[in-house]
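Q: Below is a structure I'd like to ask you about.
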Amino acid sequence: MKITSSLISAGLLGIAHLAAAVSVSGSAEGFATGVTGGGDADAQIPSDIDELKEWLTDDTARVIILDKEYDFTESEGTTSGTVCAPWGNGDGCQKIIQDDCGDSPSSQATWYTAGTTGIDVGSNKTILGDGDKGIIKGKGLRFRNGVTNIIVQNIQISDLNPGYVWGGDAIYFDGSDLIWIDHVTTARTGRQHYTFGFDTNTRITLSNNFVDGETTYSTGCDGYTYWTFEMVGDADEITLQNNYIYMTSGRSPALSGGTLLHAVNNVWDKNNGHVLEGGNSSARGIFEGNVWQDVTTVFGEYAGRLFVTPDSSSASECQSALGRACEVNTVPDQAIVSSYTDISLFSDFSGLTIAPATSASEALSSVPNNAGMGKL
């Protein structure tokens with residue numbers, strides 16, 4: 001068939017129509033309320049990983065549609081070096097990329113370089129997946145150095161050197177503002193699914209995401225990931241809403257630094273270690289309407305302040321913090337929540353936009369089936 005300019009134009013028009021058909025679903029609730037991302041910029045579909053990276057990192061307001069798998073795995077070659085095996089040398093054990101192994105066994109290994117550093121996303125971007133096809137493989141996303149006003153919805157980020165700690169974070173924040181991550185699936189990471197660095201991150205909402213912790217390699221050598229949420233920012237503001245957090249063993253989250261967390265209507269399922277941990281007294285969180293099922297231990301070692309709504313009689317105490325009563329959590333019998341009813345943190349929520357809540361039973365029936373890519 002002879003290729004004519006009219007055929008080319010028709011093809012480009014078809015792509016434009018396809019891109020225009022994909023749009024943001026709903027709007028952010030909680031701390032990231034008001035985020036607009038790329039706004040009314042024309043939607044564009046990157047042709048390959050180079051164009052995707054160029055558009056993500058530039059200073060132009062953009063609406064970027066992902067309509068296929070963008071595989072960065074081999075794009076930057078490989079790196080070889082020393083890895084340590086503190087958890088054993090079994091087939092399912094993660095190793096650590098580290099020069100000094102101390103008393104742990106050491107060996108030489110090779111990993112994909114691309115996974116170890118994420119793509120630095122610029123301000124005023126909307127990143128949308130088309131149905132269940134928008135996948136970034138082998139490289140994560142980073143939001144840092146003052147970037148603001150970003151929406152990421154309905155994509156998957158996966159396969160970042162899962163055999164090696166320091167092999168790659170799926171999503172990384174460090175000095176960012178007004179970011180909404182929604183209906184995103186993260187899977188098979190080398191380190192954290194979500195990392196918050198020390199520089200303050202404000203007005204962040206993580207909603208309707210599927211944290212898929214099932215992995216071939218883990219610190220427990222058992223297929224449950226330990227590296228889930230690392231929250232260590234100096235004064236972070238994070239809404240964690242309607243997320244399905246599956247097959248983890250720790251850091252679910254690690255709530256540290258000066259982080260202020262509102263965790264509402266999340267479902268933790270199959271945790272064989274502990275859910276919450278954290279090493280700083282300045283970390284704070286309200287947990288309401290959440291469900292912990294098939295969880296060995298909810299509260300690990302934790303130094304901060306928490307209000308974990310234990311029963312209906314205490315729910316009304318949240319009025320001063322949230323402008324409404326809290327929803328009661330569904331907590332396993334072995335979890336002790338009586339020590340986590342600190343109302344002194346309520347004033348810290350003043351002036352922030354608070355996400356709505358449903359009952360824990362409603363969350364259990366809806367969140368696991370509606371979280372992650374392809375569930376809009």
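Q: Residues Gly304, Gly300: which one is under 24 Å from Ser249 (Cβ atoms), modelled with pLDDT of 95 or more and either of a type in the set (Ser, Thr, Tyr) or under 24 Å from the mean Cα position of the chain (by Cα) (or both)?
A: Step by step, each of Gly304, Gly300 is checked, and only Gly304 is under 24 Å from Ser249 (Cβ atoms), modelled with pLDDT of 95 or more and either of a type in the set (Ser, Thr, Tyr) or under 24 Å from the mean Cα position of the chain (by Cα) (or both).
Q: If you go through the stretch 22-38, how many residues are surrounded by 13 or more Cβ atoms within 10 Å (Cβ to Cβ) and assigned to a loop (DSSP other than H, G, I, E, B)? Working first, answer last.
A: Pass one, the stretch 22-38, residues surrounded by 13 or more Cβ atoms within 10 Å (Cβ to Cβ): 22, 24, 27-33, 35-38.
Subsequent filtering for residues that are assigned to a loop (DSSP other than H, G, I, E, B) retains 22, 24, 27-29, 33, 35-38.
Qualifying residue count, the stretch 22-38: 10.
Q: Suppose the filter is of a type in the set (Lys, Arg), out of contact with any helix residue (DSSP H, G or I) (no Cβ under 8 Å at 6 or more places or on another chain) and under 30 Å from Asn370 (Cβ atoms); does Lys95 pass it?
A: So Lys95 fails the test.
Q: Being over 14 Å from Asn149 (Cα atoms) and among the aromatic types (Phe, Trp, Tyr) is the filter here; which residues of the stretch 30-66 pass it?
A: Trp55
Q: Out of (1) in contact with an Asp or Glu (Cβ under 9 Å, 6 or more places away or on another chain); (2) within 16 Å of Thr341 (Cα to Cα); (3) surrounded by fewer than 24 Cβ atoms within 10 Å (Cβ to Cβ), what's the single condition that is false for His274?
A: (2)
Q: Suppose the filter is surrounded by fewer than 22 Cβ atoms within 10 Å (Cβ to Cβ) and at pLDDT 95 or above; does Thr126 pass it?
A: So Thr126 does not fit the description; no.
Q: Ok, one more. Of all residues in the stretch 316-338, which are among the small types (Gly, Ala, Ser) and either assigned to a strand (DSSP E or B) or in contact with a strand residue (DSSP E or B) (Cβ under 8 Å, 6 or more places away or on another chain) (or both)?
A: Ala321, Ala335
Q: Quickly run through the stretch 293-318 and pick out the residues that are crowded, with 21+ Cβ neighbours inside 10 Å and of a type in the set (Val, Ile, Thr).
A: Within the stretch 293-318, Val295, Val298, Val308, Thr309 qualify.
Q: To continue, here is another question. Quick one: which strands (runs of 3 or more DSSP E) sit completely within the stretch 135-193 and have at least 2 residues that are within 11 Å of the chain's Cα centre (by Cα) and closer than 20 Å to Gly220 by Cβ? Before the answer, list the steps.
A: On the way: elements: 135-137, 141-144, 148-153, 156-160, 171-174, 177-182, 185-189.
It comes to 185-189.
Q: Can you pull out the residues in the stretch 82-104 that are of a type in the set (D, E, K, R) and in a strand (DSSP E or B)? Outline the logic, then answer.
A: Looking only at the stretch 82-104, we keep the residues that are of a type in the set (D, E, K, R), and these are 91, 95, 99-100, 103.
Within the stretch 82-104, just Lys95 meets the criteria.
Q: Write out, first by first residue and then by second, each pair whose Cβ atoms fall under 7 Å of each other, whose residues are 6+ apart or on separate chains, and whose first residue, in the stretch 142-153, is under 18 Å from Ala28 (Cα atoms) and touching a residue at least 60 places away in the same chain (Cβ under 8 Å) while the second is outside any strand (DSSP E or B) and among the hydrophobic types (A, V, I, L, M, F, W, C).
A: Once the first residue is under 18 Å from Ala28 (Cα atoms) and touching a residue at least 60 places away in the same chain (Cβ under 8 Å) and sits in the stretch 142-153, its partners that are outside any strand (DSSP E or B) and among the hydrophobic types (A, V, I, L, M, F, W, C) give Asn149/Val35; Ile150/Val121; Ile151/Val24; Ile151/Val35; Gln153/Val24.
Q: Evaluate the following for Ala19: is it modelled with pLDDT under 95 and crowded, with 17+ Cβ neighbours inside 10 Å?
A: yes
Q: Just give me the residues in the stretch 46-81 being of a type in the set (A, V, I, L, M), in a loop (DSSP other than H, G, I, E, B) and crowded, with 20+ Cβ neighbours inside 10 Å, in sequence order.
A: Of the stretch 46-81, the ones of a type in the set (A, V, I, L, M) are 49, 52, 56, 61, 63-66.
Of the ones still in play, those that are also in a loop (DSSP other than H, G, I, E, B) are 61.
Matches in the stretch 46-81: none.
Q: Additional query: When you scan the stretch 282-291, do you find a residue that is surrounded by fewer than 22 Cβ atoms within 10 Å (Cβ to Cβ) and over 21 Å from Met231 (Cα atoms), even just one?
A: Within the stretch 282-291, none of the residues are surrounded by fewer than 22 Cβ atoms within 10 Å (Cβ to Cβ) and over 21 Å from Met231 (Cα atoms).
Q: Still on this structure: For the stretch 281-327, name all the residues that are of a type in the set (S, T, N, Q), within 19 Å of Phe346 (Cβ to Cβ) and without any contact (Cβ under 8 Å) to a residue 60 or more places away in the chain. Please lay out each step first, then the result.
A: First, the residues of the stretch 281-327 that are of a type in the set (S, T, N, Q): 281-282, 290, 293, 296-297, 309, 312-314, 316, 319-320.
From what is left, the residues that are within 19 Å of Phe346 (Cβ to Cβ) are 281-282, 290, 309, 312-314, 316, 319-320.
Within the stretch 281-327, Ser281, Ser282, Thr309, Ser312, Ser313, Ser314, Ser316, Gln319, Ser320 qualify.
Q: So Thr219 ticks every box in (1) under 29 Å from Arg144 (Cβ atoms); (2) at pLDDT 95 or above; (3) surrounded by fewer than 24 Cβ atoms within 10 Å (Cβ to Cβ); (4) out of contact with any Cys (no Cβ under 9 Å at 6 or more places or on another chain) but one. Which box is left unticked?
A: Only one criterion is unmet by Thr219, namely (4).
The values are calculated or read from the model by the stated rules, or taken from the named source; none is laboratory data. For clarity, every value in this text was computed on a predicted model and none was experimentally measured. Neighbour counts are summed over all protein chains in view; Cβ atoms, including those assigned to glycine, are modelled from backbone coordinates with ideal geometry.
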